[in-house]
1. Can you confirm whether D176 is touching a strand residue (DSSP E or B) at 6+ places or on another chain (Cβ under 8 Å), open to solvent by less than 70 Å² (accessible area, probe 1.4 Å) and at pLDDT 90 or above?
2. Look through the stretch 58-77, keep the residues that are surrounded by fewer than 20 Cβ atoms within 10 Å (Cβ to Cβ) and of a type in the set (V, I, T), and return whichever of them is farthest from A157 (Cα to Cα).
3. Quick check: is even one residue across the stretch 136-147 part of a strand (DSSP E or B) and open to solvent by 70 Å² or more (accessible area, probe 1.4 Å)?
4. Please enumerate the residues belonging to the stretch 148-184 that are under 11 Å from V99 (Cα atoms) and not in a loop (DSSP other than H, G, I, E, B).
5. With the requirement that a residue be part of a helix (DSSP H, G or I) and in contact (Cβ under 8 Å) with a residue 12 or more places away in the chain, what does the stretch 122-135 give you?
Amino acid sequence: MRKIDQTWRGTVGVAVTMTLLFTGCGDSRPEGMPDTYPASITITQAGAPLADATVVLYPEDSTLTRWPVGGTTDEQGTATLMTSTQYEGAPAGKFKVIVSKSVTEGDPYPKHPGQGATREEINDYDRALKTGKFEVFKVVAEEYRTAGTTPLSVEVASSGDNMFSEDLGDAVKEIDVQASATSKGDESYVPMDGTAE
C-alpha cells in the first residue's frame, strides 16, 4: 500500500509542477511591474509598410520609465509591443512613439557574436569592423527618433484593441558617421568567417 501511495504522490507532484509551468503560475513578474495589455503598432513610411524598424514607447508617466516598451516591425510594418523585452503588451498610459531604422551599404555589416562568444569569434568580429568598408544610413527623419521631438503619441488602455498605426512621411537618407566604417589600410575586407573576398 505504501508503494502505491508514494507512486500516486509522485504522479500528483509531477502533474502540479507541469500545470504551474504551462499556466505561467511559476513565472513571476518583477516586483512593482504594472499590468500589461496586448498592444501593437503599424508603422508606414509614405504609405508603405516600414519593416525592420525599432519602435520605442516613451511614457508620459515618469513612474513607467523603468519598464521599457518596444518592438521591431515585421514585413507588414507591425510591431507587437513587449515590456522589458519579455512580457507581452504594454502598461496602460500615454506614450510618445519613437521610431528608428538604419540601412547599410557596402560590405556586410558585422553582427556581434553575442554573450558567450569565443575569443576567436570576437577577433573575427573586430577584424570585420576594422577591414570593412560600409556606410550606415538612418532612413527615418530625425524628429521621430527622440521623445522630445516626435509628434507621434498613443494611449494604451486596459480595455480595447490597442492597435495603433502611424505614418512617418517620406524616407530620408542621413549618414550615421559613427556607425559607418571605411578601412584606412590596404587590407581587403575579411568577413567574419575568416575568408577574404
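The values are calculated or read from the model by the stated rules, or taken from the named source; none is laboratory data. Note that the structure is a prediction, hence the values are computed from the model and not measured. Here Cβ is always computed from backbone atoms with ideal geometry, including for glycine, and neighbour counts include all displayed protein chains. The accessibility values were calculated without ligands, DNA or RNA, using every heavy atom of the protein model including side chains. Shrake-Rupley method; radii C 1.70, N 1.55, O 1.52, S 1.80 Å.
1. Details: touching a strand residue (DSSP E or B) at 6+ places or on another chain (Cβ under 8 Å): yes; open to solvent by less than 70 Å² (accessible area, probe 1.4 Å): yes; at pLDDT 90 or above: no.
It is false that D176 is touching a strand residue (DSSP E or B) at 6+ places or on another chain (Cβ under 8 Å), open to solvent by less than 70 Å² (accessible area, probe 1.4 Å) and at pLDDT 90 or above.
2. T72
3. Keep residues of the stretch 136-147 that are part of a strand (DSSP E or B), which gives 136-138.
Filter once more, so that each one left must be open to solvent by 70 Å² or more (accessible area, probe 1.4 Å): none.
Checked against the condition, which is being part of a strand (DSSP E or B) and open to solvent by 70 Å² or more (accessible area, probe 1.4 Å), the stretch 136-147 yields no hits at all.
4. E166, D167
5. Filtering the stretch 122-135 down to residues part of a helix (DSSP H, G or I) leaves 122-131.
Of everything in the stretch 122-135, those that are part of a helix (DSSP H, G or I) and in contact (Cβ under 8 Å) with a residue 12 or more places away in the chain turn out to be D124, Y125, R127, A128, L129, K130, T131.
Let's see how each residue does on (1) buried (at least 20 other Cβ atoms within 10 Å of the Cβ); (2) within 30 Å of E166 (Cβ to Cβ):
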residue	(1), (2)
A90	yes, yes
K96	no, yes
V99	yes, yes
G106	no, no
G116	no, no
N123	no, no
A128	yes, no
G132	yes, no
